[in-house]
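What follows draws every value from the coordinates through simple rules; no lab data is involved. Keep in mind that this is a model prediction, so the values were computed, not measured. Cβ sites come from the backbone with ideal geometry, for glycine too, and all protein chains shown count toward neighbours.
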């Protein structure tokens, strides 16, 4: 009688006290469908697999009856499918085989990554989590190698062009800058675009025109800002800011969960490859070379046609 009370309190079955029985293992039987029995632990486990909002529908007597009726319908149809031999259908067997492989892969669980491994992964992928600001600029670059005989002449020319730009109205400055860049800039890759370099990081700009400009790039905050004449070992540069794209900084702590998922996935892939290597030693794998060079036909068996290599 005690077992009956537990069953009724847990699942609220119809006519619970009079119909309750147990299986060979002593588990309370909730429902029978032909020879198939559903025990209380089994039904509870099936309920637990449902999303929370779905489980909420089965808190009442009617809801639980509906759940059991759904199980019964599925079991009846499954039994009928088996009786017709559909479980031996090639498509069904192929699907089951794929699910088995997937289940095996899921059971290949590597150990959780350590704090040190997570930190190393973060440092290795730092550019993914820490991205500098990007400056969308136009550039007017006058080439002159440091120590060259024309260095002072080019310096004065750059200063004169810069002064002329400063004297213009702010609303007209970019259009004039574009014209000057097309006429005079020595950055050939951007000259036809009026000096437009697109969004670039400070490191990108330094690599393009030379060292010495990064400290000045911080002054480019407002759209329309014009730098002073910047000097590098390669020449003289004036930049016009068209826009600024803010960077990204994601701390190690905020990236840990994402890194852990990545390392676990990588570890699972390695473990699966190691398992495959062991299995290949146990079971020989041979491939018919004729399949590699012959035509693929859904009608004729492989190898039925000859292949002349043409």
Projected onto their principal axes, the Cα atoms of the stretch 58-211 stretch, largest extent first, over whole-Å spans of 95, 40, 39
Extension length gain for residue 248 and residue 32 (0.36 nm per residue less Cα distance), in nm, is 71.8 nm
Taking 7 Å along the Cα-to-C-beta vector as the label spot, tell me the residue 219-residue 182 distance in nanometres, rounded to one decimal. 2.8
Rounded to 0.05, the calculated FRET efficiency for the beta carbons of residue 102 and residue 204 at R₀ = 45 Å is 0.55
At q = 0.11, 0.13, 0.20, 0.26 Å⁻¹, what is the log10 ratio I(q)/I(0) for the stretch 72-135, with the Debye formula run over Cα points and no solvent? -0.60, -0.65, -0.93, -1.04
The stretch 29-78: percent of C-alpha pairs farther apart than 15 Å? 44
Which one is right for this structure if Cα extents along the principal axes in Å is calculated from it: [x] 105, 67, 40; [y] 74, 49, 34; [z] 61, 51, 34? [x]
Over the Cα atoms of the stretch 199-269, what Rg and Dmax result, in angstrom? 18.6, 55
Cα centroid separation - the stretch 149-204 against the stretch 250-281, whole Å: 50
If I model a spin label at residue 286 and residue 192 as a point 7 Å from the Cα along the Cα→Cβ vector, what separation in nanometres do I get? 6.1
Expected-Rg normalisation [2.2 N^0.38 Å, Cα atoms] applied to the stretch 121-182: 1.72
If you stretched the chain out fully between residue 42 and residue 77, how much longer would it get, using 0.36 nm times the residue separation minus the C-alpha to C-alpha distance? 10.7 nm
In nm, the gap between the two label points placed 7 Å beyond Cα toward Cβ at residue 272 and residue 92 is 2.7
Relative to the longest principal axis of the C-alpha atoms of the chain, give the angle of the C-alpha long axis of helix 170-184, reported between 0 and 90° and rounded to the nearest 10°. 80
Distribution output for the stretch 133-246: share of Cα-Cα pairs per 10 Å bin in percent, first bin at 0, values 15, 52, 31, 3, 0
Would you mind checking the tilt of helix 115-124 against the longest principal axis of the Cα atoms of the chain, expressed as 0 to 90 degrees and rounded to 10? 40
Here FRET efficiency (C-beta to C-beta, residue 127 to residue 22, R₀ 45 Å, nearest 0.05) is 0.10
Working from Cα positions, state the angle (0 to 90°, nearest 10) between the long axis of helix 61-83 and the longest principal axis of the chain. 80
